[in-house]
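Inspection log for the structure reproduced underneath, given as structure tokens.
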Amino acid sequence: MMRLDSQEADAPLFGDDDDDSPTATRQKKSEIKHPLATFFHLFFRTSAILVYLLCEILSSSFIVCMVTIILLLSCDFWTVKNVSGRLMVGLRWWNQVDEDGQSHWVFESRPATSRKVPTNSESQIFWLGLVVCPVLWVIFVFSTLFSFKFKWLAVVIMGVALQWANLYGYVRCKVGGKTNLRSMATNYLGSQFFKRAMAKQGP
């Protein structure tokens with residue numbers, strides 16, 4: 001049996017900064033505080049895409065290119081899931097099994113009262129990389145099918161699976177672990193339809 005949990009992280013996961021002065025707060029919002037995490041957040045996923053696009057130029061061996069892409073995708077999945085999400089935006093998700101054998105999906109976010117606020121620059125870089133790259137892998141799936149390059153199908157499907165898993169996990173962290181995303185989307189579409197209907201009935 002699987003159960004979804006949403007938790008607010010405590011001090012061991014997200015420690016607060018000691019300096020909460022206005023100047024320090026402004027610096028936190030504008031500067032990149034974790035350059036190494038920011039670099040590797042983009043490095044592995046962009047490298048996997050570049051190797052896929054340039055594989056015929058870089059190497060004539062399909063096996064070498066495939067293994068390289070899979071290794072880059074695996075490193076990216078681990079880095080984004082365990083490092084960059086926690087440091088750059090204060091989010092983390094994972095699965096754990098309790099003593100009864102029940103599987104729990106845990107989605108954590110830094111408490112709103114925390115003084116350790118993610119910077120705007122890091123947040124924008126994190127979400128941009130998290131959203132754009134999975135979309136590209138979906139495009140690669142269709143291009144592989146339409147060009148009949150079926151030998152690449154397993155590679156691009158793995159890219160979709162690993163990167164969309166991280167995207168889904170962090171979206172759940174962002175909106176709340178117990179929030180039903182389907183209901184959320186339905187409510188949004190309903191509200192947009194209602195606004196348009198009211199606008200048409202206006203004078």
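The values are calculated or read from the model by the stated rules, or taken from the named source; none is laboratory data. Everything numeric in this text was worked out from a predicted model, so none of it was measured. Methodologically, a virtual Cβ is constructed for each residue, glycine included, from the backbone with ideal geometry; neighbour enumeration extends over all protein chains shown. Only protein heavy atoms, including side chains, enter the accessible area calculation; ligands, DNA and RNA are left aside. Shrake-Rupley method; radii C 1.70, N 1.55, O 1.52, S 1.80 Å.
Residue by residue, here is whether (1) more than 30 Å from ILE139 (Cβ to Cβ); (2) among the polar types (S, T, N, Q) holds:
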{"site": "LEU54", "(1), (2)": "no, no"}
{"site": "LEU72", "(1), (2)": "no, no"}
{"site": "SER103", "(1), (2)": "yes, yes"}
{"site": "PRO111", "(1), (2)": "yes, no"}
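Just need a number here: residues in segment 138-172 that are assigned to a loop (DSSP other than H, G, I, E, B), more than 13 Å from MET66 (Cβ to Cβ) and not small (Gly, Ala, Ser).
Residues flagged as assigned to a loop (DSSP other than H, G, I, E, B), more than 13 Å from MET66 (Cβ to Cβ) and not small (Gly, Ala, Ser) within segment 138-172 amount to 1.
Report those helices (runs of 4 or more DSSP H) wholly inside segment 33-132 carrying at least 2 residues which are within 22 Å of ALA161 (Cβ to Cβ) and open to solvent by 50 Å² or more (accessible area, probe 1.4 Å).
Result: 35-58, 62-79.
Residue by residue, here is whether (1) over 27 Å from PHE39 (Cα atoms); (2) at pLDDT 90 or above holds:
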{"residue": "TRP93", "(1), (2)": "no, no"}
{"residue": "GLY101", "(1), (2)": "yes, no"}
{"residue": "SER114", "(1), (2)": "no, no"}
{"residue": "CYS133", "(1), (2)": "no, yes"}
